[in-house]
Amino acid sequence: AKYGSMPENLHQMPLGYMAGMLQGTSSIDRNDIKNMQSRNYDWSFIGTLKQDRSKMIKTFSRLLSKNYVSHQDSAQHPFEIYKDSVFVPNGRGFVVLDCFRLYEASLAGAIPVVVGSESEIAETFKFDGELPPWIFERDWKTAVARCVELLSTPDILQTMQERNLAWWKDQMMNMRQTIAAALR
C-alpha cells in the first residue's frame with residue numbers, strides 16, 4: 001500500500017546496522033542466510049528495556065517459548081542470533097519506533113515486528129511511499145498472534161523472508177543510484 005507522498009528530491013534511507021556487526025563475516029551473502037524452517041529461535045530480542053519492551057517480551061514469551069532475549073551483547077553477536085531467528089520484535093525506543101534492530105534483522109533474513117498506530121507506522125517507514133515487508137500491528141497481542149499463525153505456514157514465511165531480503169537489497173541499490181546521480 002502507498003502512503004503519503006514525499007517531494008521528489010527527498011529520500012528516506014534505512015538506518016543501517018551497528019558498526020562492527022558484520023566484522024568477521026566475508027560478505028552479506030544470501031548463501032549464509034538460513035531458510036525459515038532451519039532457524040532455532042521463533043523470535044529474539046537483543047537490547048535494553050525501555051517504553052513497551054517489557055510488555056513486548058512478556059507477550060511474546062507467553063506464546064512462543066523458543067526465544068533468545070539478552071540485554072547485553074557484543075556487536076557481532078546480534079547478527080548471529082538474528083540469522084537464527086524467525087521474528088525480531090522491535091519495541092519503541094525512548095521516542096520513536098525506528099531502530100537499527102529492524103535493519104539488522106532484515107539483513108539477517110529475520111522478519112521485523114513493529115507495533116504502533118497506523119499513522120505513525122506510515123510516517124516512520126514510508127520508503128519510496130511503501131512500507132517494508134515486515135509485520136506491522138497495533139498491539140503486541142495481535143502481533144504475537146500473527147507470528148504464531150505464520151509459524152504454521154512455512155511457505156508463506158519463506159516468501160516473506162525472500163521479500164524482506166529483496167527489499168533490503170533494493171533499498172541499498174536505490175540509495176547507491178540516488179547518491180551517484182546526485183554527485184554527477
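The values are calculated or read from the model by the stated rules, or taken from the named source; none is laboratory data. None of the values given here were measured: they were computed from a predicted structure. Virtual Cβ from ideal backbone geometry, glycine too; neighbours counted across all protein chains shown. Only protein heavy atoms, including side chains, enter the accessible area calculation; ligands, DNA and RNA are left aside. Shrake-Rupley method; radii C 1.70, N 1.55, O 1.52, S 1.80 Å.
When the stretch 90-105 is limited to residues that are in contact with a strand residue (DSSP E or B) (Cβ under 6 Å, 6 or more places away or on another chain) and outside any loop (DSSP other than H, G, I, E, B), the one that is surrounded by the most Cβ atoms within 10 Å (Cβ to Cβ) turns out to be ALA105.
Considering the stretch 124-175 alone, what residues qualify as being closer than 24 Å to TYR41 by Cα and of a type in the set (Ser, Thr, Tyr)? THR142, SER152, THR153, THR159, listed by residue number.
Of everything in the stretch 78-89 that is aromatic (Phe, Trp, Tyr) and part of a helix (DSSP H, G or I), the residue that is nearest to the chain's Cα centre (by Cα) is TYR82. Just one of the listed residues (VAL144, VAL148) is assigned to a helix (DSSP H, G or I) and crowded, with 18+ Cβ neighbours inside 10 Å, and it is VAL144. Within the stretch 83-98, residues that are farther than 15 Å from ILE135 by Cβ have Cβ atoms under 6 Å from residues that are among the hydrophobic types (A, V, I, L, M, F, W, C) and surrounded by fewer than 24 Cβ atoms within 10 Å (Cβ to Cβ) in these pairs: GLY93/CYS99, counting only partners at least 6 apart in sequence or on another chain. Of all residues in the stretch 121-139, none are over 29 Å from MET173 (Cβ atoms) and either touching a Leu at 6+ places or on another chain (Cβ under 9 Å) or in contact (Cβ under 8 Å) with a residue 60 or more places away in the chain (or both). Evaluate the stretch 111-133: report whether one residue or more is in a helix (DSSP H, G or I), open to solvent by less than 50 Å² (accessible area, probe 1.4 Å), of a type in the set (Gly, Ala, Ser) and closer than 24 Å to SER54 by Cβ. No, the stretch 111-133 contains no residue that is in a helix (DSSP H, G or I), open to solvent by less than 50 Å² (accessible area, probe 1.4 Å), of a type in the set (Gly, Ala, Ser) and closer than 24 Å to SER54 by Cβ.
Total residues in the stretch 66-89 satisfying the condition of being buried (at least 20 other Cβ atoms within 10 Å of the Cβ), in contact with a strand residue (DSSP E or B) (Cβ under 8 Å, 6 or more places away or on another chain) and modelled with pLDDT under 90: the figure is 1.
Of VAL148, VAL113, which residue is in contact with a helix residue (DSSP H, G or I) (Cβ under 6 Å, 6 or more places away or on another chain), of a type in the set (A, V, I, L, M) and closer than 24 Å to GLN171 by Cα? Every option except VAL113 fails the conditions.
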